[in-house]
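Quick notes on the structure that follows.
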Amino acid sequence: MTAPILSRSDIEQIAQKILSVYTEAYVPEKHLCYQVEPEKLADVLGLEVDYQILSLDGSILGVTSPDEQFVTIYMENEGCLYYLDGNTILIDGRLCLSPRNAGRKNYTLAHEISHQVLYKAFPGRFSSAQQLMYHTRKKTKEHRTVADWTEWQADALAAALLMPENAIREGMFLVGLGEHIGTLSKKCTPNKYESFCRLAEVLGASKSALSFRMEQLGLLDRNLLYKTAKE
């Protein structure tokens, strides 16, 4: 069995259906520039979220499974088994220690939520090897490759859920970016970069994730952020 092959348009439609439920529950009427809080998103989808230490070196950021599984977590540097009930998402607790990690934490949680959504939307389409999914720490440049179809789809759905197009467009006006950005660079366009950073903060997203999402939506032409800024 192989994972379902979804286009970016398919993924956007799935995201819109989920966001309609989220906005009805948590977003005031006609409030377009809103932040999607992944914990609340998990709640409206009936998913549980727990924070544990998932690896000694910090390489594993999140893990989930649609079926019952045992995974290793660490307490006082000692490994022990944690029972995943098929409806729980584990996030590395160290992502909660600093506000600087908020974007990474939010994206990791949205990524694992996306795995659960895709599993539940297409039951029986994932092999046993795809039932336990880990989200690992990756370099920024790796977000620009498609090495694994299942991971690409989870990444694409996570971006669409965490950074809705209507919220981005409204936010761009609020921070003074207008309808479109030609070039985004910390060094070459410092004023736009400052406004962009405010937008990322408003949306609760990392700067790299938001810049790539804006590229995909045609709102940003030339993205130099990943070359000039560290996440």
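Out of all the residues in the range 41-55, is one or more polar (S, T, N, Q), more than 15 Å from N106 (Cα to Cα) and touching a residue at least 12 places away in the same chain (Cβ under 8 Å)?
yes
Does the range 35-44 contain any residue that is β-branched (V, I, T) and within 14 Å of the chain's Cα centre (by Cα)? Please lay out each step first, then the result.
Let us first name the residues in the range 35-44 that are β-branched (V, I, T), namely 36, 44.
If we keep only those that are within 14 Å of the chain's Cα centre (by Cα) too, we end up with 36.
Taking every residue of the range 35-44 in turn, at least one turns out to be β-branched (V, I, T) and within 14 Å of the chain's Cα centre (by Cα).
Can you tell me which residue is nearest to E201 (Cα to Cα) among those in the range 108-120 that are in contact with a strand residue (DSSP E or B) (Cβ under 9 Å, 6 or more places away or on another chain) and in contact (Cβ under 8 Å) with a residue 60 or more places away in the chain?
Filtering first and then ranking leaves L109.
Please count how many residues of the range 183-199 are modelled with pLDDT of 95 or more and either assigned to a loop (DSSP other than H, G, I, E, B) or within 13 Å of M163 (Cβ to Cβ) (or both).
Final tally of qualifying residues: 2.
Would you check which residues across the range 208-228 are within 26 Å of P38 (Cβ to Cβ), open to solvent by 20 Å² or more (accessible area, probe 1.4 Å) and outside any helix (DSSP H, G or I) and list them?
Across the range 208-228, the qualifying residues are L217, G218.
Do any residues in the range 185-207 that are touching a residue at least 12 places away in the same chain (Cβ under 8 Å) and within 17 Å of V36 (Cα to Cα) have Cβ atoms under 8 Å from those of residues that are open to solvent by 50 Å² or more (accessible area, probe 1.4 Å) and assigned to a loop (DSSP other than H, G, I, E, B), where the two are at least six apart or on different chains, and which pairs are they?
Once the first residue is touching a residue at least 12 places away in the same chain (Cβ under 8 Å) and within 17 Å of V36 (Cα to Cα) and sits in the range 185-207, its partners that are open to solvent by 50 Å² or more (accessible area, probe 1.4 Å) and assigned to a loop (DSSP other than H, G, I, E, B) give V202/Q35; L203/Q35; G204/Q35; G204/E37; S206/E231; K207/E231.
Consider N166 against the criteria (1) in contact (Cβ under 8 Å) with a residue 12 or more places away in the chain; (2) not in a helix (DSSP H, G or I): it satisfies all of them except one. Which criterion is unmet?
(2)
The values are calculated or read from the model by the stated rules, or taken from the named source; none is laboratory data. All of these numbers come straight from a predicted model, not from anything done at the bench. Glycine gets a Cβ as well: all are built from the backbone with ideal geometry, and neighbour counts include every protein chain shown. Calculation scope for accessible area: heavy atoms of the full protein, side chains included, ligands and nucleic acids excluded. Shrake-Rupley method; radii C 1.70, N 1.55, O 1.52, S 1.80 Å.
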